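Trainee: If you scroll down you'll find the structure; I have some questions about it.
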Amino acid sequence: MSGSVSTSTRKASRVWATVPAAFPSLEDRDYVRSSMVGETEPGKCANWTIMSDRGIDNQLADFEYVRRA
């Protein structure tokens, strides 16, 4: 039995061999991170999100949720 590999182990090895290719590379992550620019102006939305019609408690989208001191 020594040195033999079961069929289920071989199948698992083939599946796990493809997993790293499914994840983004470091270059992909850097590109996405560089394209995500935050937005702090009232009524505007960051470029990676979608502006909803209504906000929390049915307020308008440009409602000032946080007031700066």
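Residues checked against (1) surrounded by fewer than 10 Cβ atoms within 10 Å (Cβ to Cβ); (2) in a loop (DSSP other than H, G, I, E, B); (3) at pLDDT 80 or above; (4) not small (G, A, S):
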residue	(1), (2), (3), (4)
V5	yes, yes, no, yes
A12	no, no, no, no
W16	yes, no, no, yes
P20	yes, no, no, yes
R29	no, no, yes, yes
S34	yes, no, yes, no
C45	no, yes, no, yes
T49	yes, yes, no, yes
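Trainee: Which residue pairs have Cβ atoms under 8 Å apart, sit 6 or more places apart or on different chains, and have a first residue in region 17-36 that is without any contact (Cβ under 8 Å) to a residue 60 or more places away in the chain and a second that is part of a loop (DSSP other than H, G, I, E, B) and surrounded by 10 or more Cβ atoms within 10 Å (Cβ to Cβ)?
Mentor: V32/P24; S35/N47; S35/W48; M36/A46; M36/N47; M36/W48
The values are calculated or read from the model by the stated rules, or taken from the named source; none is laboratory data. Source: prediction; values computed, not measured. Here Cβ is always computed from backbone atoms with ideal geometry, including for glycine, and neighbour counts include all displayed protein chains.
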